[in-house]
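Working notes for the structure below.
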């Protein structure tokens, strides 16, 4: 292993994210992103990671850590998706004259401009789908059934959940998104395999479910459920549309903080009541995870091993500095590659056996 080798932490949560043709894995002190290129090789990149709770102790306190984590994961998720696209090496065409002009005017690289625009559009879409439309629906309900705030908030909250489910189902119809959902399944299976202390191989990982209690999909559903309760208890209940919208947005960090603690509690307990409570979120993951292929699991395993142990020695690198992995097993610190002489003997033995069979 290289100088970046790290000792594998014991009994800690290893998180991950599906990306374009690959998987990101995050250990307590490193982030690894691995993708499979069109030539079937795997390229991986290792980045050091220092949690905010280590820099500022108060950021690790209960409730506050959920708010910090939500912001961190949103930022990290977008940058990781961009990084995975760059690592694939399929978007290296020359920028247009307009892109060059825009880059000069704004003083930033075209990649950062595109990412910034994508983030803005994503925020606008999220606000429109999950806040503006449900609050407009709630305002309409208030004219039909006044003085029943709990019912209005319940129905508008259910509409948010239906919109989320419909949006995911619409996205899953796109082939590239469906492949990403398969990599999401590979991420979960690999995490399960690591949590059960089994050797990280596609065969072992395939035994596990694609549904995991700490998945972001479950977190989203918990957020929506908690928001119904909080919006009813402390949110603005009047008919002014703008005030209703602003009060919901202001409560969002509190919703995130509570939801994170609920997710952690449900993920680390396993009694009958807990299983019942987390069942809806687990079932919703059937929309965002699909069974992966063995090749996809190999990519997830590379990310897991690199995040835990560092980059393997002796591997080639691309001009951009990404490490090229031809065999996922080399990222396992316990893997011993067969000697050249041993391989030659095995090949010779196979040839002799084939000749004897042909002679018979």
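Some values worked out for this structure:
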| item | result |
| --- | --- |
| Odd one out for residue 158 among (1) part of a helix (DSSP H, G or I); (2) farther than 30 Å from residue 38 by Cα; (3) touching a helix residue (DSSP H, G or I) at 6+ places or on another chain (Cβ under 6 Å) | (3) |
| Qualifying residue in segment 210-224 (condition: closer than 30 Å to residue 145 by Cα and exposed (fewer than 15 other Cβ atoms within 10 Å of the Cβ)) | no |
| Residue in segment 285-297 that is loosely packed, with under 15 Cβ neighbours inside 10 Å, farther than 30 Å from residue 330 by Cα and without any contact (Cβ under 8 Å) to a residue 12 or more places away in the chain present | no |
| Test: residue 78 is more than 21 Å from residue 334 (Cα to Cα), modelled with pLDDT under 85, surrounded by fewer than 22 Cβ atoms within 10 Å (Cβ to Cβ) and more than 14 Å from the chain's Cα centre (by Cα) | no |
| Residues of segment 266-311 satisfying the condition of being assigned to a loop (DSSP other than H, G, I, E, B) and either closer than 30 Å to residue 175 by Cβ or touching a strand residue (DSSP E or B) at 6+ places or on another chain (Cβ under 6 Å) (or both) | 289, 290, 291, 292, 293, 311 |
| Residue 263 surrounded by fewer than 21 Cβ atoms within 10 Å (Cβ to Cβ) and assigned to a helix (DSSP H, G or I) | no |
| Helices (runs of 4 or more DSSP H) contained in segment 168-252 and holding at least 1 residues within 23 Å of residue 77 (Cα to Cα) | 175-195, 216-233 |
| Filtered residue count, segment 33-70, keeping only those that are in a loop (DSSP other than H, G, I, E, B), in contact with a strand residue (DSSP E or B) (Cβ under 8 Å, 6 or more places away or on another chain) and modelled with pLDDT of 90 or more | 2 |
| Residue match in segment 164-184 (condition: under 25 Å from residue 333 (Cα atoms) and free of Cβ contacts under 8 Å to residues at least 24 places away in the same chain) | no |
| Of residues in segment 14-32 being touching a helix residue (DSSP H, G or I) at 6+ places or on another chain (Cβ under 8 Å) and part of a loop (DSSP other than H, G, I, E, B), the one modelled with the highest pLDDT | 21 |
| Residue in segment 82-98 that is more than 17 Å from the chain's Cα centre (by Cα), modelled with pLDDT under 80 and part of a helix (DSSP H, G or I) present | yes |
| Of all residues making up segment 145-177, the number that are modelled with pLDDT under 85 and exposed (fewer than 15 other Cβ atoms within 10 Å of the Cβ) | 5 |
| Check on residue 197, surrounded by fewer than 22 Cβ atoms within 10 Å (Cβ to Cβ) and either touching a strand residue (DSSP E or B) at 6+ places or on another chain (Cβ under 8 Å) or at positive phi (or both) | yes |
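Table: residues versus (1) touching a helix residue (DSSP H, G or I) at 6+ places or on another chain (Cβ under 7 Å); (2) at pLDDT 95 or above.
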| site | (1), (2) |
| --- | --- |
| 231 | yes, no |
| 254 | yes, no |
| 269 | no, no |
| 295 | no, yes |
| 310 | no, no |
| 321 | no, no |
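The values are calculated or read from the model by the stated rules, or taken from the named source; none is laboratory data. All of these numbers come straight from a predicted model, not from anything done at the bench. Methodologically, a virtual Cβ is constructed for each residue, glycine included, from the backbone with ideal geometry; neighbour enumeration extends over all protein chains shown.
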